[in-house]
Each structure stands twice: as structure tokens, then as C-alpha cells.
1. Using a simple charge model, +1 on the beta-carbon of Lys and Arg, -1 on the beta-carbon of Asp and Glu, nothing else, what dipole does the chain show about its Cα centre, in debye to the nearest 20?
2. Which lysines, if any, have their Cα less than 24 Å from the Cα of Lys65, not counting same-chain residues under 8 positions apart?
3. Under 19 Å from a label point 7 Å along Cα→Cβ of Thr53: give me every residue in segment 64-91 with its amide N that close.
4. Averaging sequence separations of C-alpha pairs under 8 Å and six or more residues apart, then dividing by the length of the chain, give the relative contact order as a whole percent.
5. Can you tell me how much longer the chain between Lys65 and Glu44 gets when fully stretched, taken as 0.36 nm per residue apart minus their C-alpha distance, in nm with one decimal?
6. Below 13 angstrom from the Cβ of Pro108, what's the summed charge of the other residues (Lys, Arg +1; Asp, Glu -1)?
7. Where a ≥ b ≥ c are the square roots of the eigenvalues of the C-alpha gyration tensor, would you call segment 1-73 rounded, which needs a/c under 1.5, or, failing that, prolate if a/b is larger than b/c, or oblate?
8. What are the aspartates and glutamates whose alpha-carbon lies under 17 Å from the alpha-carbon of Lys76, with same-chain residues fewer than 8 places away excluded?
Amino acid sequence: QVQLVESGGGLVQAGGSLRLSCAASGRTARTYAMGWFRQAPGKEREFVAAISTSGSSTYYADSVKGRFTISRDGAKNTVYLQMNSLKPEDTAVYYCAASPDLIRIRIPTPSNNWGQGTQVIVSS
């Protein structure tokens with residue numbers, strides 16, 4: 001099992017930036033792929049970005065490509081989501097996820113390890 005704690009959410013104006021952090025702990029945390037998902041009110045949880053264990057492979061939803069960047073610091077066991085050029089439609093609760101499977105990390109399945117979420121609100 002991997003425990004995940006997100007931070008960095010908040011209120012920002014459209015066009016602004018935020019950086020989310022997710023600290024992972026647990027015996028196998030370093031061997032897990034990591035990802036970010038988001039869930040807006042009344043909508044299903046959706047994939048945002050994922051990164052492989054080594055950090056050499058990254059994946060993005062089309063809606064965030066070119067604006068968001070996922071990265072990880074192996075020494076700190078932390079994954080980041082840098083969000084630039086934010087839009088009101090990016091407003092959601094953002095969840096960090098971890099999985100030993102690079103396919104499953106891109107799917108909002110209960111079998112992933114999940115953090116508690118952090119709220120991001122983008123005002124117009």
C-alpha cells in the first residue's frame with residue numbers, strides 16, 4: 001500500500017498558475033507510477049496526467065497538453081503537477097494516484113491508491 005497526501009490547491013484567476021504536490025509514503029512507493037486525476041461537481045473523475053516510475057515517460061489528457069506538466073522527485077518521493085494558463089473549466093478536486101501498472105494509472109479505478117484530494121478553483 002502507498003499513502004498519498006496532496007497539497008497546493010487554491011483559488012486562482014484564469015490565466016494563472018498553481019503547482020500541486022503529492023507526497024507518497026510506503027515501502028513500495030518508489031516503484032509505483034504516479035498520476036493526477038480531477039473531478040468537477042456532477043462529473044466523473046477524469047485522467048489528467050501520469051508519469052512512470054523512472055520519470056522518463058509522461059502522459060497527458062488532451063485538455064491539458066501544453067499547459068500542465070507532471071514531474072517527480074525520487075529522492076523526496078513526491079510528484080508535482082505544474083498547471084499554467086488555467087481556465088475556469090480546470091476547476092475541480094484534484095486527486096493523486098499511484099499504481100504499479102503504467103496502464104492502470106491512467107484509469108480512475110478503485111484499485112489505484114488514492115489521496116484525499118485538493119480543491120482547485122479558477123475564477124473567470
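1. It comes to approximately 220 debye.
2. Lys43, Lys87
3. Hits in segment 64-91 for Thr53 at 19 Å: 71-80.
4. Numbers: 309 pairs, mean separation 44.5, N = 124.
In percent, rounded to a whole number, it is 36.
5. On the way: separation 21, 0.36 × 21 = 7.56 nm, distance 1.98 nm.
Stretched out fully, the Lys65 to Glu44 stretch lengthens by 5.6 nm.
6. Local net charge: +3.
7. prolate
8. By straight Cα distance, Lys76 reaches Glu6.
No lab work stands behind these numbers, since they all come straight from the coordinates. None of the values given here were measured: they were computed from a predicted structure. We place every Cβ from the backbone using ideal geometry, glycine too, and count neighbours over all the protein chains shown.
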